[in-house]
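K.L.:
Please see the structure below; I have some questions.
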Amino acid sequence: MWTAAYPDPGTQDGLWWTDHADVDNPVLAEFLVPPTIEGTAAAKNSQNPDLDYLFGGNVYTPPAPPAQPPFGSNTASATFSFLIDGDEEPVEEGDTEPVGAGNGT
């Protein structure tokens, strides 16, 4: 088990910013592409190695019709990699994997 407090999204203030077509009515689609964050998560048990991680959002390209996106219109895409510190092969990785985004309800 690992923990990474305050991962850096690469902005000057350390926050993720997104633009809104209407600032008074943000919509879920405006949050579907989070920034790329990468770093090292510390192992909760000091006897275990740390975890290097990379996670980033991408614009999702749905399959050609008649197929449907796996999560409806709130489908995002993520690229990720998790690598035990000192290992050469990732524990888990994915490239432009579809991800469902909830509606907050």
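Results for (1) surrounded by 14 or more Cβ atoms within 10 Å (Cβ to Cβ); (2) among the hydrophobic types (A, V, I, L, M, F, W, C); (3) without any contact (Cβ under 8 Å) to a residue 24 or more places away in the chain; (4) part of a loop (DSSP other than H, G, I, E, B), shown as yes or no for each residue.
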residue: Trp17; (1), (2), (3), (4): no, yes, yes, yes
residue: Val23; (1), (2), (3), (4): no, yes, yes, yes
residue: Pro35; (1), (2), (3), (4): yes, no, no, yes
residue: Tyr53; (1), (2), (3), (4): yes, no, no, no
residue: Glu93; (1), (2), (3), (4): no, no, yes, no
residue: Pro98; (1), (2), (3), (4): yes, no, no, no
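K.L.:
Here's another thing I want to ask about it. Within the range 63-86, can you find the residues that are assigned to a strand (DSSP E or B) and closer than 17 Å to Leu32 by Cα?
P.N.:
Thr75, Ala76, Ser77, Ala78, Thr79, Phe80, listed by residue number.
K.L.:
Given (1) farther than 18 Å from Thr18 by Cβ; (2) in a loop (DSSP other than H, G, I, E, B), identify the lone condition not met by Tyr60.
P.N.:
Exception for Tyr60: condition (1).
Bear in mind that the values in this text are calculations on the coordinates, not laboratory data. Remember, it's a predicted structure, so these values are computed and weren't measured experimentally. All Cβ positions, even for glycine, are placed from backbone atoms using ideal geometry, and neighbour counts span all protein chains on display.
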